[in-house]
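The values are calculated or read from the model by the stated rules, or taken from the named source; none is laboratory data. All values derive from a computational prediction rather than experimental measurement. For neighbour counting, all protein chains shown are included, and Cβ atoms are generated from backbone atoms with ideal geometry for every residue, glycine included.
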Amino acid sequence: MSIKEQIYAGIGASDQALPGIAFASQKSVLLPSWEMLKQHWQHSLQQLAQEYLDGRLVVEPLARTTCDNCHLGSFCRIAERRLFA
């Protein structure tokens, strides 16, 4: 991939920082407001930090296809866990 082919992706409160990232123009976001999205992110990060502090390491990809692009399958062994689920 050359530099000319690289793109950016993101989401923000407005297009002020970068064009095309305004919350209002995002079709894939299911939450109704920017504030609710920020609260969701904050809760998710706090939960992740607490799990880290508690010494928990649970592999829980959001989508089954996530593992298709990962080279650490033998480390996390999620495929084995799915066999018994």
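Working only within segment 38-66, note down all residues that are small (Gly, Ala, Ser) and over 26 Å from Gly12 (Cα atoms).
Within segment 38-66, just Gly55 meets the criteria.
I'd like the full set of residues that are surrounded by 10 or more Cβ atoms within 10 Å (Cβ to Cβ), in contact with a helix residue (DSSP H, G or I) (Cβ under 8 Å, 6 or more places away or on another chain) and modelled with pLDDT under 80, limited to segment 41-85.
Once the filter is applied, which keeps residues that are surrounded by 10 or more Cβ atoms within 10 Å (Cβ to Cβ), in contact with a helix residue (DSSP H, G or I) (Cβ under 8 Å, 6 or more places away or on another chain) and modelled with pLDDT under 80, segment 41-85 yields Val59, Gly73, Ile78, Ala79.
Quick one: count up the residues across segment 13-40 that are surrounded by 10 or more Cβ atoms within 10 Å (Cβ to Cβ) and either among the hydrophobic types (A, V, I, L, M, F, W, C) or within 15 Å of the chain's Cα centre (by Cα) (or both).
Residues flagged as surrounded by 10 or more Cβ atoms within 10 Å (Cβ to Cβ) and either among the hydrophobic types (A, V, I, L, M, F, W, C) or within 15 Å of the chain's Cα centre (by Cα) (or both) within segment 13-40 amount to 15.
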